[in-house]
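The values are calculated or read from the model by the stated rules, or taken from the named source; none is laboratory data. Keep in mind it's a predicted model, so treat the numbers as computed, not measured. For neighbour counting, all protein chains shown are included, and Cβ atoms are generated from backbone atoms with ideal geometry for every residue, glycine included.
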Amino acid sequence: MTGTHDLILVALSILIAVAASYTALDLATRVKASTSRAASYAWLAAAAVCMGGGVWSMHFVAMLAYVMPNMEIAYDPPLTALSLATAIAVTGGGFAVVSRPQSGPVALVLSGLVMGAGILAMHYMGMAAMRMQATLSYDAFWVSVSVFVAIGAAIAALWLAFRSTRFVEKGAAACFMGLAISGMHFAGMQAATIGTHDMAAGSNASAVVSQSSLALSVAAITFLILLAAIVAAMFDRRFAVLVENEARALKVSEEQFRSLYRRTPLPLHALDELGRVEEVSDEWLTLMKYGRDEVLGRPLINFMAEESARQRVQDDWPRLLAEGELREKEYRFVTKDGQFLDVLSTSTVERDASGAFKWAVGGLVDLTGRKRTEAALRQAQKMEAVGQLTGGIAHDFNNLLAVIMGSLSILKKRLPFEERLHGLVDNALEGTRRGAALTERMLSFARRQNLEPRALEVPTLVKGMQDLLERSLGPRMTIQTEFPLSLPQVTADPNQLEMALLNLAVNARDAMDGQGTITVSAEAGVTKPEGLAPGNYVCLRVVDHGEGMDEQTLIRAREPFFTTKEIGKGTGLGLSMVAGFAEQSGGTLVIRSEKGHGTTMEIWLPVAEEGASIDVQATPLQVHDRRSLLKGCRVLVVDDDALVLWSTQSMLEEMGADVIATTSPLQALEVVQAAETLHCVVTDYAMPGMSGAQLAAAIRVRLPEVPIIVATGYAEVPAEVSDYPKVQKPFTEEALGKVLSESLKRGAKVVPIGAKGRTT
């Protein structure tokens, strides 16, 4: 039986297919744009309803558009509803499969096959739901065409659904899909052949209704649903744009903040609630010597020393979270290259409007340099105090040694010759000499030793002691010297400089386990270390390739009695003596060392003034000349220490002098007034009430030509007595006699008391 199509309803069905396709494509884009899984599922369901329902609605309206004369058509409601559900289900399933990020071409084709088969099922299920006085048969060719069109349309729909297309492209795709779906329906209708017969009694057909009215009702409902979906998508898109704009603005703001944060000239860090680094400034990275990728996401305690990390975890971090602020806490950080940094950290917790934790912002203040400066200052103050104490002890010890040395010298001369007795005295004298050497080192550290500076050539001095160095260091050590062709003279005591070089060389040998090469070099015109007075200096270096010193050892290296050597292998006075000698000479000692990379010792000495020459001392007197010169001389001896006074008096009497001794400077002035004649005065420098300088000045007022000798354990004496001959405690009979006889030989006058200005 042949029927006709209502062209208006046919056009309406095609329009429904196009509108449904467009709506489904539009809703599918919201699936990808959704930020939550629930929203994605909601939009996926909406797209399935619009696409599946639209396809069903197009099919139903197109079916109603087919009119057969004198035949009423009704539809089975359950079967019709099942066809609708089938369309929505297979469409939703297809969309769900291809919406997954990992879906590929294979999943697309398989989903298209299932979706196309479902749409075909919906179509033929809808055909089967028709109730009319006719029979249906199908042409296999057109059925095949409808199958091909359905599957193709399904695959195309799934492929287009999740593409980000513009409005024009989306509209064109919707027209294509709508026509394809319509083509599938009409191909299926072309495959159907209707044969009339009498309708069976008791049929379950629904009441006959007007096909046009029913089609228009279904179309109206469909368009309302599609319109609602489009409006919902429009609002969602608008909200999404607003959210995106807000997010973009927030991102720009965060980027600006992040850029400003990173470029700030302060070492700052931002932490999450677990104490992990979220952001750091460039200055923080520079301070810690890390790259940004090496820091972000790691706990801050990973960059702390163990003790600081424990303090942070157990006490400071819980307190920061509880109170919201933590001010000026000291930590020790460890840089990428293993260096320790002492820092001061202040942190605050930032929270949002609801009070939830956002981040903890903190800053670091590097205290390492300040702490080192403070440590150096404390060390300098301590060393100054130790130096003053050492100088005072050495002075008093020299007085004791002077008594012992003088008494032993006299005792040795008076004892009858007996080898055992003389050996014991010699041992005692050797002990006093060693004690004197020890006090000399202590005075050197205290910068109070007796120096005789003169202009000297450093290369000549080093080469002159080459043999001494080689014998002292052993056969496995090599001394290498490097000096420029032209090197200015320096001002220093040559004996003390030789002793300093020998000390440094012995230390270098011990650092290299007695085997290797020590380099001795000198250089002028290089940048001098801080703290030296303006002027020109020569840098004398002693370099070894031994084990080197760590930071703590380097700090304490100049301390007296500090040593890293085994017991009995060092007194700990070597470097302190060298440092004291260099500073007393107007220079300094600089130590450069690193553990495992050897040590460089630098003695900086001032350049000698132009035209300066080495002092030429007078030829010493022989012992018999000295005794003949002192025999019968009247000498006034003044010392507040009775034992030293007695020892000095005994030495002079042994040499034949007539001695007047007193422990009081005031009594000494009375002696000067009362004595008939006076040849010489020997006075201690450090005395209570009146110093040796004041006593000498008072004697000079009355007897300006009498030689006055100052005995002292110090080297640094006031300028007012710098022109007086001096004898260094502890002194032997020979040393005292040498100074006294040379003073008398240089033109001393014998002045009778009471005849001021006259000589005899």
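Results, tabulated for the structure shown:
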{"quantity": "Meets criteria (of a type in the set (Asp, Glu) and under 25 Å from the mean Cα position of the chain (by Cα)) for Glu254", "calculated": "no"}
{"quantity": "Residue in the range 491-504 that is free of Cβ contacts under 8 Å to residues at least 60 places away in the same chain and farther than 22 Å from Ile591 by Cβ present", "calculated": "yes"}
{"quantity": "Residue tally, condition over 15 Å from Tyr685 (Cα atoms) and among the polar types (S, T, N, Q), over the range 655-670", "calculated": "1"}
{"quantity": "Members of the range 331-356 that are in a loop (DSSP other than H, G, I, E, B) and in contact with a helix residue (DSSP H, G or I) (Cβ under 8 Å, 6 or more places away or on another chain)", "calculated": "Thr335, Lys336"}
{"quantity": "Long-range neighbours under 6 Å by Cβ, at least six apart or interchain, first residue in a helix (DSSP H, G or I) within the range 231-254, second hydrophobic (A, V, I, L, M, F, W, C)", "calculated": "Ala233/Leu27; Ala240/Ala33"}
{"quantity": "Residue that is surrounded by the fewest Cβ atoms within 10 Å (Cβ to Cβ) [pool: residues in the range 354-390 that are hydrophobic (A, V, I, L, M, F, W, C) and at pLDDT 85 or above]", "calculated": "Ala356"}
{"quantity": "Failed item in (1) modelled with pLDDT of 80 or more; (2) surrounded by fewer than 21 Cβ atoms within 10 Å (Cβ to Cβ), with Cys633 passing the rest", "calculated": "(2)"}
{"quantity": "Residues of the range 578-598 classified as farther than 21 Å from Glu547 by Cα, touching a helix residue (DSSP H, G or I) at 6+ places or on another chain (Cβ under 6 Å) and crowded, with 24+ Cβ neighbours inside 10 Å, total", "calculated": "2"}
{"quantity": "Failed item, numbered, when Ser472 is tested on (1) more than 30 Å from Glu594 (Cβ to Cβ); (2) at pLDDT below 85", "calculated": "(1)"}
{"quantity": "Boolean, Glu498 is acidic (Asp, Glu), assigned to a loop (DSSP other than H, G, I, E, B), within 19 Å of Met601 (Cα to Cα) and touching a helix residue (DSSP H, G or I) at 6+ places or on another chain (Cβ under 9 Å)", "calculated": "no"}
{"quantity": "Tally of residues being out of contact with any Asp or Glu (no Cβ under 9 Å at 6 or more places or on another chain) and touching a residue at least 60 places away in the same chain (Cβ under 8 Å) across the range 635-645", "calculated": "1"}
{"quantity": "Of all residues in the range 327-350 being surrounded by 13 or more Cβ atoms within 10 Å (Cβ to Cβ) and free of Cβ contacts under 8 Å to residues at least 24 places away in the same chain, the one that is nearest to Glu254 (Cα to Cα)", "calculated": "Thr346"}
{"quantity": "Subset of the range 257-293 (residues that are among the β-branched types (Val, Ile, Thr) and either in contact (Cβ under 8 Å) with a residue 60 or more places away in the chain or surrounded by fewer than 13 Cβ atoms within 10 Å (Cβ to Cβ) (or both))", "calculated": "Thr286"}
{"quantity": "Matching residues in the range 508-533 - criterion: being under 35 Å from the mean Cα position of the chain (by Cα) and surrounded by fewer than 16 Cβ atoms within 10 Å (Cβ to Cβ)", "calculated": "Asp513, Glu523, Gly525, Val526, Thr527, Pro529, Glu530, Gly531, Leu532, Ala533"}
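Each row is one residue, and each column tells you yes or no for (1) at pLDDT 80 or above; (2) closer than 10 Å to Ala500 by Cβ; (3) of a type in the set (Ser, Thr, Tyr).
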site	(1), (2), (3)
Val578	yes, yes, no
Phe581	yes, yes, no
Gly587	yes, no, no
Val590	yes, no, no
His597	yes, no, no
Glu602	yes, no, no
Ala608	yes, no, no
Gly611	no, no, no
